[in-house]
Amino acid sequence: MAAGQPVRSGIDFSAFRDPKLARELIERIRGLVGDRTINLMEVCGTHTVSIGRYGFRSIMPAGLKLLSGPGCPVCVTANRDIDHAIALANIDGAIITTFGDMMRVPGSSTSLAAQKAAGRDIRIVYSPLDALDIAEQNPGRPVIFMGVGFETTTPTIAAAILEAEARGLLNFSVYCAHKTTPPALRAIANDPETAIDGFILPGHVATITGLAPFSFLVDEFDTPGVVTGFEPVDILQGICMLVQMVAEDRPAIDNAYRRGVNAGGNPVARQLVEQVFEPCDTTWRGLGPIANSGLSIRPEFSRFDARTRFDVPVEATVEPRGCRCGDVLRGAITPSGCPLFGRTCTPEHPVGPCMVSSEGSCAAYYRYRDY
């Protein structure tokens, strides 16, 4: 194989990083935008990171704005949920397990990282199955996994609950803060402060959901959406398709990531989620309460539901003073529009979650000086 032609999982990615093709797409985008003003929103945090890494915001025509949306599950987790997880860590003998990004997210008065430093047993895991192993190794202690994520990670949490049942691990439970993407996009499309002309739809989520759950964007709002991958040509192709739809006033939901996403998604994964979870109302940071946008554990699996198993006092929720993560997450401002950004709020000393998570908009803008 020639040098400079990376392969992952047997796929030759060189075509998706072809400079000539990228330049052609950029020129086509410029021609389509012309003197129009077009606002596109990338919904996935991985897209935000990729757009920053490749410097796409700086090379787009003046009239085309790429806005970051609620694509980071850590970032959209409400302060109340952070506070609740911290309260669970105070249960006598409890072991809290969580993904690494959640550790440093500030709650109302402290964080999981600070509580770990104070002596609470809080452990980073890379999979909910790791939490099951910890529960098996500590049968006399409650082991609670903090479940945070969108449609991409929810099937693994459902599988972990079913595996816990099969293994008889009754000391295992999940604090479920999972969210589903389409209701958040409906809220943004309804928001008068965020005039979005098209959505760069999340490739990872769409591998599970397929395309149908996003059709309401066209049916209700005449707004197009395109699912894209994460390589440079993927993203530019998706932007080009969206801009052409806007220019021609021909909204549709389309797929620029066919090597990873099929129209029907993954019905096996969805069935697994439906077996264990049911829709519920939940609160998103920045977007507020959204009906049927969360997932709760079904009553038949309530013995694995940390919310119902443990009645703990949760402190009064206080939002970080001056932080505008909520406005960033709904596309009302870019990170540089927050007065704390890059000053009192940095990756070393984050005030809000968008500067904590590796997929957070503020962290990506800061890392790539994308402002």
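Per-residue ellipticity at 222 nm from helix content only, as computed over the chain with -39500 (n - 2.57) for each DSSP H run of at least four residues, stands at -10000 deg cm²/dmol.
Considering only 22, 177, 206, the mean-square fluctuation computed in a Gaussian network model of the chain, springs between alpha carbons under 10 angstrom, is largest for 22.
Helix check for the chain. Which DSSP H runs span at least 15 Å along their own axis by Cα, with a mean Kyte-Doolittle hydropathy no less than 0.5? Could the numbers behind the result be given before it?
Working: long enough: 19-33 (21 Å, 0.00); 154-167 (20 Å, 0.52); 232-248 (24 Å, 1.25).
Result, helices passing both filters: 154-167, 232-248.
What does the net charge come to around residue 336 if you take all other residues with beta carbon closer than 14 Å to its beta carbon, with K and R at +1 and D and E at -1?
Numbers: positive: 57, 65, 324, 343, 367, 369; negative: 327, 370.
Local net charge: +4.
Placing +1 on each Lys and Arg Cβ and -1 on each Asp and Glu Cβ, with no other charges, gives segment 240-371 a dipole about its Cα centre of roughly 300 debye.
Compactness ratio for the chain: Cα radius of gyration over 2.2 N^0.38 Å (N = residue count) comes to 1.01. What residue among 252, 212, 135 shows peak mean-square fluctuation when the chain is described by a Gaussian network model with Cα springs under 10 Å? Between 252, 212, 135, it is 212 that shows the largest mean-square fluctuation.
Nothing charged except the Cβ atoms of Lys and Arg (+1) and of Asp and Glu (-1): what's the magnitude of the dipole of segment 88-205 about its Cα centre? Round to the nearest 20 debye.
On the way: 8 positive and 12 negative charges, 59 e Å.
Value, rounded to 20: 280 debye.
Provide the per residue accessible area, probe 1.4 Å, for segment 113-237, rounded to a whole number of square angstrom.
Numbers: 4340 Å² over 125 residues.
That works out to 35 Å² per residue.
Secondary structure note: in the chain, about 30% of the DSSP beta bridges are antiparallel.
State the percentage of accessible surface on segment 78-231 attributable to carbon and sulfur atoms; use a 1.4 Å probe and exclude ligands, DNA and RNA. Before the final figure, lay out the partial values.
Working: 2720 of 5220 Å².
Carbon and sulfur atoms account for 52 percent of the accessible area of segment 78-231.
Between 34, 360, 331, the Gaussian network model of the chain with springs among Cα atoms under 10 angstrom shows the greatest mean-square fluctuation at 34.
Taking a straight Cα-Cα cut-off under 18 Å and skipping sequence neighbours fewer than 8 places away in the same chain, the aspartates and glutamates within cross-link reach of residue 20 are 12, 231, 234. For segment 198-235 and segment 16-63, what is the separation of their Cα centres, given in Å? Answer, in whole Å: 16.
For the chain, the dipole from Cβ point charges (+1 on Lys and Arg, -1 on Asp and Glu) about the Cα centre works out to 860 debye, to the nearest 20.
Taking a sphere under 11 Å around the Cβ of residue 58 and counting the other residues whose Cβ falls inside, with K and R at +1 and D and E at -1, yields a net charge of +1.
The values are calculated or read from the model by the stated rules, or taken from the named source; none is laboratory data. Keep in mind it's a predicted model, so treat the numbers as computed, not measured. We place every Cβ from the backbone using ideal geometry, glycine too, and count neighbours over all the protein chains shown. Side chains included, ligands, DNA and RNA excluded: accessible areas come from the protein's heavy atoms. Shrake-Rupley method; radii C 1.70, N 1.55, O 1.52, S 1.80 Å.
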